[in-house]
Each structure stands twice: as structure tokens, then as C-alpha cells.
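Input: a single structure, listed below in C-alpha cells.
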Amino acid sequence: MARAKRSSCLAVCLLMWPLAVSGTTWSENEIHLQQGELNQPFAAQPGTHTDTTIITFQHASGWEYGANFLFFDYARTDHGDELYAEWYPFFSSQAMFDIEYAGGLRDIGLVLGVNAAPDSDVLKYLPGIQINWDIPGFAFFNTLLTAYVDDSKGITAGGAPAEGDSYMIDAAWRYPIETGQQRWSVEGHAEYIQGRNTELPGVRVKDWVLAQIQLRWDAGNIWFNQKDVMFLGVEYQYWNNKLGTSEDESALQLLAVWRF
């Protein structure tokens with residue numbers, strides 16, 4: 001990655017962080033370590049899989065007008081490294097207008113998402129609607145319907161081809177489970193993003209479906225008698241038309257999580 005791109009990404013991170021944490025009423029921070037063989041859809045040889053280490057910082061919090069969710073991924077392979085970030089500030093109708101919902105509905109509001117991949121100079125805006133559901137057994141179950149607006153500079157700026165606009169549908173959840181003294185959770189998200197044209201004539205990014213599902217075991221509860229601090233498990237990733245190509249991925253990754 002060029003020094004200028006890393007500097008730009010760092011600047012974005014520094015700007016996002018105080019906005020995300022200012023005036024918080026609750027917060028949850030996690031560091032994830034994942035290891036697995038992931039498909040490289042843009043490699044010279046189709047079907048190339050590379051041993052990949054991903055370190056993620058993830059933050060969720062509540063604030064006066066709603067909530068925040070963001071994460072930063074650092075992915076490392078033998079061929080190089082990449083940075084990627086997403087941020088979703090949520091403006092809650094319940095928090096702002098004191099609306100009480102019922103019948104399985106917890107909250108509705110506006111979300112203003114940002115996705116950034118500095119290696120390829122990709123920048124997306126995702127304005128839309130978030131619905132938080134009240135489903136028995138789930139710690140949370142949220143759905144999003146957003147636009148997927150491209151603001152990338154394109155090939156002339158040395159990045160990936162600029163793309164047309166489309167939309168995203170996403171669901172995210174956490175389902176805790178207790179079996180005797182053992183504490184588990186099944187959590188993750190699944191998204192659909194509509195295909196779109198690119199600035200290259202005749203080249204189109206395909207629709208994709210991405211599901212990332214984690215099975216976590218609360219190791220800290222057993223080893224240190226501290227709940228919700230240290231987790232071990234696996235993440236299963238299914239990606240149909242990965243990154244808009246014709247390649248699919250079905251991969252299992254080892255997972256360790258520290259929550260603070």
C-alpha cells in the first residue's frame with residue numbers, strides 16, 4: 001500500500017473514532033484474530049487460496065440519538081496486506097422521539113454507512129433504514145436496507161475501476177446459548193449487494209451474497225471466571241460471487257476474540 005493511502009486511512013480512522021465514542025451511554029469493543037485459507041479472486045490463477053491472517057478492531061456503542069457500529073480490518077498474506085473499514089452511525093426514532101414500539105419491533109431509524117478500502121481507493125456511502133427487531137432469545141437482530149453509492153476516484157487515480165450505484169440488504173444478529181456452565185453464542189451477518197456496471201466498457205460487478213457466521217465459546221468464563229471477555233471459536237464465511245467476480249468461497253477460519 002502506498003504511504004499516502006495509509007496516511008489517508010489513518011486520518012479517516014482518527015476522525016471516525018471520536019465521533020463514534022463521544023457521549024456514549026454504553027459501549028462494547030472487541031479485537032478479533034482470524035486465521036484461514038481464503039480465496040483470492042483477483043489472483044492470476046483462478047481458485048487461488050492463500051493463508052490469511054485478519055486482525056479486526058470492532059466497536060459498538062449507544063449515544064444520545066442512537067448507536068454506532070464500526071470496524072477496521074487488517075488482512076495479512078504472503079502477498080501483502082490490506083486495510084478495510086466500515087462505519088454505521090444509527091439515528092434512532094425511539095431515542096430521538098421517545099417512540100415505544102411493540103409486536104416484535106424494537107426500533108426504526110436512519111443509518112448513514114461508510115465503507116472504505118484505501119488499497120484500491122474505494123469509497124462507498126450507504127444511506128438507508130435500519131430496523132431493530134425484538135425476537136425472543138436474540139441479544140439483537142437488526143436489518144438494514146441502504147443505497148450503495150460509489151465515490152471512488154477510479155482508474156485514473158490509480159485505484160479500482162469506479163462503479164455505478166446499487167443497494168444493499170443486510171441482517172446482523174447475536175444469539176447467546178447456555179449449556180450447563182458453558183456459554184456460547186452464534187453471531188454474524190449476511191448481506192446481499194446488487195450488481196452494478198463499472199467504468200470499464202462491458203465489465204460488470206455481479207450481485208453477491210456474503211454470510212459470515214461465528215460460533216463462539218466463552219473461554220474466559222471457564223478459565224478465569226470472567227464472563228464476556230475472552231472467546232474462542234470459528235467463523236464460517238460463504239461468499240457467492242466474491243467481490244463481484246464469478247468465484248465463490250466457502251471457508252472456515254479459526255477465531256479468537258478479546259472484548260473490553
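No lab work stands behind these numbers, since they all come straight from the coordinates. As the structure is a computational prediction, the values presented were derived from the model and not from experiment. FYI the Cβ positions are ideal-geometry reconstructions off the backbone, even for glycines, and counts take in every protein chain you see.
Electrostatic bookkeeping for GLY128 treats Lys and Arg as +1 and Asp and Glu as -1; over the other residues with beta carbon under 14 Å from its beta carbon, the sum is -3. Our compactness index for the range 183-260, the C-alpha radius of gyration over the empirical 2.2 N^0.38 Å, is 1.52.
Where Rh denotes the Kirkwood radius from the mean inverse Cα pair distance, what is Rg over Rh for the range 113-260?
When Rh is taken as the Kirkwood radius, the ratio is 1.06.
If you model the range 12-157 as an ellipsoid using its alpha carbon gyration tensor, with each semi-axis the square root of five times an eigenvalue, the axes come out at 32, 18, 16 Å, biggest first. Here the Karplus curve 6.51 cos²θ - 1.76 cosθ + 1.60, taken at θ = phi - 60°, turns the phi angles of the range 54-67 into couplings of 10, 10, 10, 9, 10, 9, 9, 7, x, 9, 4, 10, x, 7 Hz, with x standing for Gly and Pro.
The count of lysine pairs in the chain with alpha-carbon distances below 30 Å, taking only pairs 8 or more places apart or on different chains, stands at 10. Counting neighbouring beta carbons within 10 Å and listing from fewest to most, the residues PHE224, PHE69, PHE57 come out as PHE224, PHE57, PHE69. Taking trypsin sites (Lys or Arg not before Pro) across the range 67-153, the ones in a DSSP loop with at most 14 further Cβ atoms lying within 10 angstrom of their Cβ are LYS153. Panel order for GLU100, GLU247, by other beta carbons found within 10 Å of each beta carbon, from fewest to most: GLU100, GLU247.
With a Förster radius of 22 Å applied to the beta-carbon distance between ILE135 and GLN226, the computed FRET efficiency rounds to 0.20.
Inter-part distance, the range 95-153 to the range 36-78, computed on C-alpha centroids, equals 19 Å. Labels on offer are (1) 29; (2) 41; (3) 34, and the one holding percent of Cα pairs over 29 Å apart computed from this structure is (3).
Each label point was placed 7 Å from the Cα along the Cα-to-Cβ direction; for ARG76 and GLN182 their separation is 3.1 nm. Once both labels are positioned 7 Å from their Cα atoms along Cα-to-Cβ, the gap between TRP258 and THR50 label points is 2.7 nm. Counting neighbouring beta carbons within 10 Å and listing from fewest to most, the residues TRP258, TRP208, TRP239 come out as TRP258, TRP208, TRP239. Every helix of 4 or more DSSP H residues in the chain counts as -39500 (n - 2.57), and over all residues that averages to -3000 deg cm²/dmol at 222 nm.
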